[in-house]
1. Rounded to a whole number of µm²/s, how large is the Stokes-Einstein D of the range 18-127 at 37 °C and 0.692 mPa s, given Rh as the Kirkwood radius over C-alpha pairs?
2. What fraction of the Cα pairs in the range 9-70, stated in percent, has a spacing above 13 angstrom?
3. Just how far, in whole angstrom, is the range 84-118 from the range 162-186 if you go by their alpha carbon centroids?
4. Describe numerically, in nm with one decimal, the distance between label points set 7 Å from Cα along Cα→Cβ at residue 190 and at residue 101.
5. For the chain, what is one quarter of the convex hull surface built on the Cα atoms, given in nm²?
6. Just need the relative contact order of the chain here, percent rounded to a whole number, with Cα pairs under 8 Å and 6+ apart.
């Protein structure tokens with residue numbers, strides 16, 4: 001059973017469960033009612049398939065996915081990582097990429113070395129062999145925009161940076177960024193991701209900033225509840 005895009009019932013069930021981390025964790029831990037989950041998934045599954053589906057078929061797909069997930073300890077660890085996290089949001093951020101040469105590198109290093117930065121003001125520079133990526137306040141970008149316009153490859157306007165500060169040990173595990181990114185994607189939020197332990201940074205449009213913050217905040221609160229921690 002597949003839709004016009006070739007996605008089968010089993011694939012759709014996996015995608016919907018995977019896009020909601022706390023449900024995926026509960027399924028892996030064996031603490032979720034398959035029938036109740038099937039009823040919850042049924043409207044979106046039927047919409048995506050374009051046809052009616054009985055509850056039993058969805059339950060079978062859920063059971064198969066639960067068997068595949070297997071590693072209960074893994075899911076438990078992920079929820080504990082999220083429960084031990086915090087999130088903050090800064091607006092008026094510019095994410096820009098420049099062609100790397102002596103002139104651009106000198107100019108960017110100079111502005112980053114200035115001492116009049118406010119406490120907590122975000123500034124980040126990432127070098128690759130041929131490009132320099134920066135994250136900084138829009139007002140800072142305006143100071144170099146005109147001078148470096150010929151070497152500017154890309155920049156965002158009206159952006160915010162959502163920062164999730166994770167436990168350091170979480171960076172030795174896999175799946176953390178995927179869980180958060182899929183949840184943001186499900187909520188229609190486009191992102192740029194930069195990982196810099198202990199932080200994971202998501203560059204989002206200012207229009208999506210509050211929704212993104214709420215999404216990750218709810219994930220953290222759900223993880224705290226699932227692991228018995230206070231919110």
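1. Values: Rh = 18.8 Å.
In µm²/s, the coefficient is 175.
2. The calculated P(r) of the range 9-70 puts 55 percent of pairs beyond 13 Å.
3. Rounded to whole Å, the Cα centres lie 23 Å apart.
4. 2.9 nm
5. Working: hull surface 61.4 nm².
Over every viewing direction, the Cα hull of the chain projects on average to 15.4 nm².
6. Numbers: 321 pairs, mean separation 55.4, N = 231.
Here the relative contact order equals 24 percent.
Each value in this text was obtained by applying a stated rule to the coordinates, not by laboratory testing. Predicted model, so just to flag it, every value in this text is computed and none were measured. All Cβ positions, even for glycine, are placed from backbone atoms using ideal geometry, and neighbour counts span all protein chains on display.
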